[in-house]
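Data block below; observations after.
The values are calculated or read from the model by the stated rules, or taken from the named source; none is laboratory data. What you see is a predicted model, and the numbers here were worked out from it, not measured in a lab. In this analysis, Cβ positions are derived from the backbone assuming ideal geometry, glycine residues included, and neighbour counts consider all displayed protein chains.
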Amino acid sequence: MKTAAVFCSGLVLSALACAQASAEPVRVRLTARVLSVTDPGAVLHGDIVPGQRLTGTYVYNTNTPDQFAHEPDYGMYVPYANEARVRFASGGIVFESVQPTQGISIEIDSHEDWSGFFRFQSFENQPLPSGVGVDEISVQFDGVGTVTETDALPSVAPDLAGYSMKAVTIRGSGFELHAEIEVAELIGAGALAVSPASGDFLPQQHFDAAMTLPRNTSAASAQAVANGVVLPLGYPGTCQQLAPNSAGKRSLLCPNAETVLSQAAGAPIEWTVVLTNGTTLTQTVNWVLTQ
């Protein structure tokens, strides 16, 4: 199965004509165990050692076209800017892709014949606070499972049982670390509505942000992040949780949301809400401050 490429222009921009272009953002959260660290120059200062936990997420959009659509069992995808990212953290150190970027690639070899692989790689990443460069962040699964059933971009998290290799590799200037993935889970996305939606805002424009939760749920925590920077919009904190509306849906109201626009500097703002039932929901908006 291949992802269809659809080009919409002029009057073809109708909902019907562009239905095939609808996309599904996929967000997968990983927990891994560090197996080895090579750091002869101590650029990581000993903060990450074997046995330590490494946690993170990778994100992509299923509308990304296949660069090798002519190949029946192999797919190569280069996501559009702002539609893919990766982030890992351990020992107080964060490794993450820049935003926006087209320095991410995804390769899939389906396991129709025997064994396949899924490889997510980022080659354009934020340097460490010390200025040390991070050359590569990669996630790879080799074997048989849910992310290699076909060469199409999967909309599910990998089931780890069938993969002999389930690895995170991070390489940089003078260091390299390898970790084995122990947990992979899909982060819910569609059930969280953020208002205002993506758009441009004037410097003098003031607005509050609101997040509407699924019916009959409550938030335990919420946070907004842009380019890896935690923004001063969160719950508990600057945001407050409102009583359910007539449809049984609660909302989080965050006053004076325009104050974070300069800090976000045009980067996508990702909201993460953890519900009291343990479910994690995410949604991304692009709020741009016009000059």
Inset, instruction - Among the candidates Val144, Val183, single out the residue that is closer than 30 Å to Thr212 by Cα and surrounded by fewer than 20 Cβ atoms within 10 Å (Cβ to Cβ). - result: Val183
Inset, instruction - Taking the residues in segment 265-286 that are among the polar types (S, T, N, Q) and in a loop (DSSP other than H, G, I, E, B) as candidates, determine which candidate is nearest to Phe201 (Cα to Cα). - result: Asn286
Legend entry - Residue that is modelled with the highest pLDDT, among those in segment 149-164 that are of a type in the set (D, E, K, R) and within 15 Å of Trp114 (Cβ to Cβ): Asp151
Legend entry - Positions within segment 126-183 being assigned to a strand (DSSP E or B) and in contact with a helix residue (DSSP H, G or I) (Cβ under 6 Å, 6 or more places away or on another chain), in sequence order: Gly143, Lys166
Inset, instruction - Would you check which residues across segment 178-201 are of a type in the set (A, V, I, L, M, F, W, C) and farther than 30 Å from Ala264 by Cα and list them? - result: Ala179, Ile181, Val183
Inset, instruction - Select from segment 107-125 the residues that are of a type in the set (Ser, Thr, Tyr) and part of a loop (DSSP other than H, G, I, E, B) and list them in ascending order. - result: Ser110, Ser115
Legend entry - Scope segment 74-104; condition over 11 Å from the mean Cα position of the chain (by Cα), surrounded by fewer than 23 Cβ atoms within 10 Å (Cβ to Cβ) and not in a loop (DSSP other than H, G, I, E, B); matching residues: Tyr74, Met76, Ala89, Ile93, Val94
Inset, instruction - Please indicate, with yes or no, whether at least one residue in segment 215-222 is modelled with pLDDT under 90, surrounded by fewer than 16 Cβ atoms within 10 Å (Cβ to Cβ) and not in a strand (DSSP E or B). - result: yes
Inset, instruction - Please verify whether segment 250-264 includes one or more residues that are in a strand (DSSP E or B), outside the structural domain of Ser138 (by TED's automatic domain parsing), without any contact (Cβ under 8 Å) to a residue 60 or more places away in the chain and among the charged types (D, E, K, R). - result: yes
Inset, instruction - Identify, by number, the condition in (1) in the same structural domain as Cys254 (by TED's automatic domain parsing); (2) more than 17 Å from the chain's Cα centre (by Cα); (3) under 30 Å from Gln140 (Cβ atoms); (4) not β-branched (Val, Ile, Thr) that His178 doesn't meet. - result: (1)
Legend entry - Any chance Trp271 is surrounded by 13 or more Cβ atoms within 10 Å (Cβ to Cβ), of a type in the set (Phe, Trp, Tyr) and under 17 Å from the mean Cα position of the chain (by Cα): yes
